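*Asks:* Structure in structure tokens, see below.
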Amino acid sequence: MRNKKFTRVMAVILAFLMLLGVVMIALSALGGATASGRVTQGHINRLREERRDYERQRREIEARINTIEFERLNEIARKGVLDDRIALTGREIDNIQQSIYQFSRLIREMEYEVIVAQNREDEQLQRFRRRVRDMEENGFISLLEIVFDSTSFADLLARIDFVTDIMRADEDSYIALQQARAETLSAKMELEDIRTELYEEEHNLLLKNNELEEQLYEANQLILRIEDDLEAQRALEAYVRAEEDRVLREINSAVAELERQRELERQRRARAAAAARASAGGGTGGGAAVVGTGELLRPTAGRVTSPFGVRMHPIHRRMIQHSGIDIGAPHGQAVFAADTGTVVTSTFNSSYGNFIVISHGNGMSTLYAHLSTRQVSVGDTVTRGQQIGLVGSTGVSTGPHLHFEVIINGVRVNPLSRL
């Protein structure tokens, strides 16, 4: 059985290695294609679908493992019950064998007593027969001896009664011996009946024990098969989990590569636009604005605590038009440029506090207010995602947050529509 188990495990391992080899070949081919070409969103979507397939397979395998583990525990419990029943049956067999031994010993003693009783009975019967035979053969002489030896008539009667008593005593002794032998023989037969019943019960218990031993053997074999299956499923689960992790790493790498490609493309477009303006005579010097990509990045992490539109002013307690959105964030958290562009304002006033305005070209600009620190100056060119300051609570502010505005052709629009 252990050899069969080893063979089964080796088969699973070989299958795993073969499948791993196929996967590695496919990955090599895929890696070569990726290295020679650009990462696309379609490629990332395929990787995500592959990861979902592995997740589904893993959940199915985990469900099978739980089922097999439950079955194994049930079978182990059943084996424990069989072990207890076999032990109990063994003790019952031992007790019956001890009883059979005791009854056999008693029967041997009874047999000896029957023989002794039979000998006594035979001896008494021989004595009685001899006495009767002697009286039959010598009855006249004996009677005369009794008569002539008598000293009186009363003595004669007494002698006759004495002889009669002797005869009656011999007969009673013989009958008593017969009864004792019969009782001993009856007791022996009863013991033999009990011993026969014990032999039958022992036989039945032995049959029952053999049946339990067979059930125990089958339970042990089933447990071994279950453990083999459980081991194979766990190996498969480990493989699927490793593949799932591998695909996740590929997804993260592909997403990073795609973002890098997009950033390079945005920079290329910005350089191309700047070159086009320079060739048209606009030039890039003297603080000329750099054209952004038109795709805005969220300027800092956090949730929107106050949306764009009409709202109650937190200090003046009147309804005003909120020209941007407020993003709740801790004091000192980094603030990033939403897109590539040129810094056109970096100053302080009583309302916005420290604030920065970046022109992204094509009529779009963004504003970042209530900063604790401004890290860029007017005329600086910034790239999308570049850190430009830190979250604060300067100006008219009730707590640290970033006030963010998007202005298109001089009109403030809802930043959430552009992020």
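*Asks:* Which residues, taken from segment 362-377, are part of a strand (DSSP E or B), surrounded by 15 or more Cβ atoms within 10 Å (Cβ to Cβ), polar (S, T, N, Q) and out of contact with any helix residue (DSSP H, G or I) (no Cβ under 9 Å at 6 or more places or on another chain)?
*Replies:* Ser365, Ser372
*Asks:* Here is a further query. Here is a list of conditions, (1) of a type in the set (Lys, Arg); (2) farther than 30 Å from Asn204 by Cα; (3) loosely packed, with under 13 Cβ neighbours inside 10 Å, and Arg46 meets all of them except one; can you say which number that is?
*Replies:* Condition not satisfied by Arg46: (3).
*Asks:* Out of the residues in segment 259-316 that are of a type in the set (S, T, N, Q) and surrounded by 11 or more Cβ atoms within 10 Å (Cβ to Cβ), which is modelled with the lowest pLDDT?
*Replies:* Among them, the one singled out is Thr284.
Residues checked against (1) part of a helix (DSSP H, G or I); (2) at pLDDT 80 or above; (3) open to solvent by 90 Å² or more (accessible area, probe 1.4 Å); (4) in contact with a helix residue (DSSP H, G or I) (Cβ under 9 Å, 6 or more places away or on another chain):
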site: Arg52; (1), (2), (3), (4): yes, yes, yes, no
site: Glu71; (1), (2), (3), (4): yes, yes, no, yes
site: Arg108; (1), (2), (3), (4): yes, yes, yes, no
site: Arg120; (1), (2), (3), (4): yes, no, yes, yes
site: Phe128; (1), (2), (3), (4): yes, no, no, yes
site: Arg133; (1), (2), (3), (4): yes, no, yes, no
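Yes or no, residue by residue, for (1) among the small types (Gly, Ala, Ser); (2) part of a helix (DSSP H, G or I); (3) more than 30 Å from Val114 (Cα to Cα); (4) out of contact with any Leu (no Cβ under 7 Å at 6 or more places or on another chain):
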residue	(1), (2), (3), (4)
Ile166	no, yes, no, yes
Asn210	no, yes, yes, yes
Gln215	no, yes, yes, no
Ala219	yes, yes, yes, no
Arg225	no, yes, yes, yes
Val255	no, yes, yes, yes
Arg262	no, yes, yes, yes
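*Asks:* Where the second residue is open to solvent by less than 90 Å² (accessible area, probe 1.4 Å) and assigned to a helix (DSSP H, G or I) and the first is farther than 19 Å from Asp94 by Cβ and lies in segment 189-217, which pairs have Cβ atoms under 8 Å and are six or more apart or on separate chains?
*Replies:* Taking only residues 6 or more apart or on different chains, the pairs are Leu191/Phe103; Leu191/Leu106; Leu191/Ile107; Leu191/Met110; Glu192/Ile107; Gln215/Leu82.
*Asks:* Tally the residues that are part of a loop (DSSP other than H, G, I, E, B) and farther than 11 Å from Ala338 by Cα, restricting the search to segment 380-419.
*Replies:* Within segment 380-419, residues that are part of a loop (DSSP other than H, G, I, E, B) and farther than 11 Å from Ala338 by Cα number 12.
*Asks:* Anything in segment 195-223 that is aliphatic (A, V, I, L, M) and either surrounded by 15 or more Cβ atoms within 10 Å (Cβ to Cβ) or touching a His at 6+ places or on another chain (Cβ under 7 Å) (or both)? List them, or say none.
*Replies:* Correct list: Leu198, Leu205, Leu212, Leu216, Ala219, Leu222, Ile223.
*Asks:* From the list Asp380, Asp326, pick out the single residue that is open to solvent by less than 50 Å² (accessible area, probe 1.4 Å) and closer than 21 Å to Leu297 by Cβ.
*Replies:* Asp326
The values are calculated or read from the model by the stated rules, or taken from the named source; none is laboratory data. The structure displayed is predicted, hence computed values, not measured ones. We place every Cβ from the backbone using ideal geometry, glycine too, and count neighbours over all the protein chains shown. Heads up: the accessible areas ignore ligands, DNA and RNA and are worked out on the full protein's heavy atoms, side chains in. Shrake-Rupley method; radii C 1.70, N 1.55, O 1.52, S 1.80 Å.
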